[in-house]
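The values are calculated or read from the model by the stated rules, or taken from the named source; none is laboratory data. Bear in mind the structure is a predicted one, so any value in this text is a computation, not a measurement. Note that we place each Cβ from the backbone using ideal geometry, even for glycine, and neighbour counts take in every protein chain shown.
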Amino acid sequence: MYAQDSTLVAGKRNQIIVSSGYSKHIIRDDVISPYIYKGIQAPVWIKYNHSGNKYLHRFQVYYSSLELESVITNSDNYFEHYSQNINGLFSYSLTRKIYTFKKAGIDLYIGGKYKSFLNYRQHYYTENSQSTTGEQSNSLDFISSVYKKYNSSGDIFSFSLNFPVISYVLLSDMFNANVSTQINEIDPHKNLITQFIKNGDFVFIDKQFEFQSELSIYKSINQFFALGISHNFHFYSFEKHPDISRTTYANNQLIIDLILKF
């Protein structure tokens, strides 16, 4: 992206992106099992980008639902041990261009990101034995991005990395109901969403290590459309209860992007 070009795709300030492809989830949740659970699913992404002279706005929505299996899943009729997993994400980021490497045609952006992420798991030990756990975090992240326009057609190479500065994590009661002696009772006659929000916890890097990365290449077809390929990676390790249990999550994605420019 050259300094004189104020938009991510030459002459266009807005992009709507629809994406899908390959997504592999790997989870170990010590609350429900010592085993590692894996699964593959086609995710659905919808994104909107707006670029100005200095600032870049990005909205992203993501959803997937899949079954995760361990090494003993369906090993016989009694030990099923699989997990029905739902993932969802909403994020908004605002970044500012802080430096341009003119000879290389590279722009560097930094800024902030609000992210709301859900990982919900219904774990099945046997047909009649189940357990529910998961994480729902709302975080304020630091984000840095690099953009390079690598030809005169406005084709873009980009890389971004973000990690949370502070998170507010919900669904702690699902964990407490399994292992903690301090159980926060849920009143079914009151608003359940309000009760979950009130029982959340603020966490920092000492309890939750997390990052997301995105590597993308966009190739213009014409002035209105482009195609792209992206690699997304999301990792977190969350300490749910001091010295007892931890959840480790990794999601590796290779997706195809269809971009509308206007």
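Numerical summary
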read-out: Lone unmet requirement of (1) outside any loop (DSSP other than H, G, I, E, B); (2) at pLDDT below 95; (3) aliphatic (A, V, I, L, M) for Ile143; value: (2)
read-out: Filter pass, Asn49 being under 20 Å from Ile217 (Cα atoms) and at pLDDT 95 or above; value: yes
read-out: Pick from segment 127-137, criterion closer than 21 Å to Ser245 by Cα and not charged (D, E, K, R), ranking: surrounded by the fewest Cβ atoms within 10 Å (Cβ to Cβ); value: Ser129
read-out: One residue from Tyr92, Tyr99 being assigned to a strand (DSSP E or B) and without any contact (Cβ under 8 Å) to a residue 24 or more places away in the chain; value: Tyr99
read-out: Filtered residues of segment 66-100 (kept if small (Gly, Ala, Ser) and modelled with pLDDT of 95 or more); value: Gly88, Ser91, Ser93
read-out: Number of the exception - Gly154 against (1) out of contact with any helix residue (DSSP H, G or I) (no Cβ under 7 Å at 6 or more places or on another chain); (2) buried (at least 17 other Cβ atoms within 10 Å of the Cβ); (3) small (Gly, Ala, Ser); (4) in a strand (DSSP E or B); value: (4)
read-out: Residue match in segment 49-56 (condition: part of a strand (DSSP E or B) and either within 27 Å of Asn252 (Cβ to Cβ) or over 25 Å from the mean Cα position of the chain (by Cα) (or both)); value: yes
read-out: Answer residue from segment 105-126, given it is of a type in the set (Val, Ile, Thr) and modelled with pLDDT of 90 or more and is surrounded by the most Cβ atoms within 10 Å (Cβ to Cβ) among those; value: Ile106
read-out: Residue within segment 68-77 that is in contact with a strand residue (DSSP E or B) (Cβ under 6 Å, 6 or more places away or on another chain), in a strand (DSSP E or B) and more than 21 Å from Gly134 (Cα to Cα) present; value: no
read-out: Identity of the residue in segment 42-68, polar (S, T, N, Q) and buried (at least 19 other Cβ atoms within 10 Å of the Cβ), that ends up farthest from Tyr236 (Cα to Cα); value: Ser51
read-out: Hits in segment 131-161 - residues which are among the acidic types (Asp, Glu) and within 25 Å of His234 (Cα to Cα); value: Glu135, Asp141
read-out: Members of segment 97-130 that are of a type in the set (Lys, Arg) and closer than 30 Å to Ser237 by Cβ; value: Lys113, Lys115, Arg121
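Here's the yes/no breakdown for (1) at pLDDT 95 or above; (2) surrounded by 15 or more Cβ atoms within 10 Å (Cβ to Cβ):
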site	(1), (2)
Ser160	yes, yes
Met174	no, yes
Phe196	no, yes
Val203	no, yes
Asn222	no, no
His231	yes, yes
Phe235	yes, yes
Ile256	yes, no
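To keep it simple, each residue is scored yes or no on (1) at pLDDT 95 or above; (2) out of contact with any Pro (no Cβ under 9 Å at 6 or more places or on another chain); (3) surrounded by 17 or more Cβ atoms within 10 Å (Cβ to Cβ).
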position: Thr7; (1), (2), (3): no, yes, yes
position: Ala10; (1), (2), (3): no, yes, yes
position: Ser19; (1), (2), (3): yes, no, yes
position: Tyr22; (1), (2), (3): yes, no, no
position: His25; (1), (2), (3): yes, yes, yes
position: Arg28; (1), (2), (3): no, no, yes
position: Ser33; (1), (2), (3): no, yes, yes
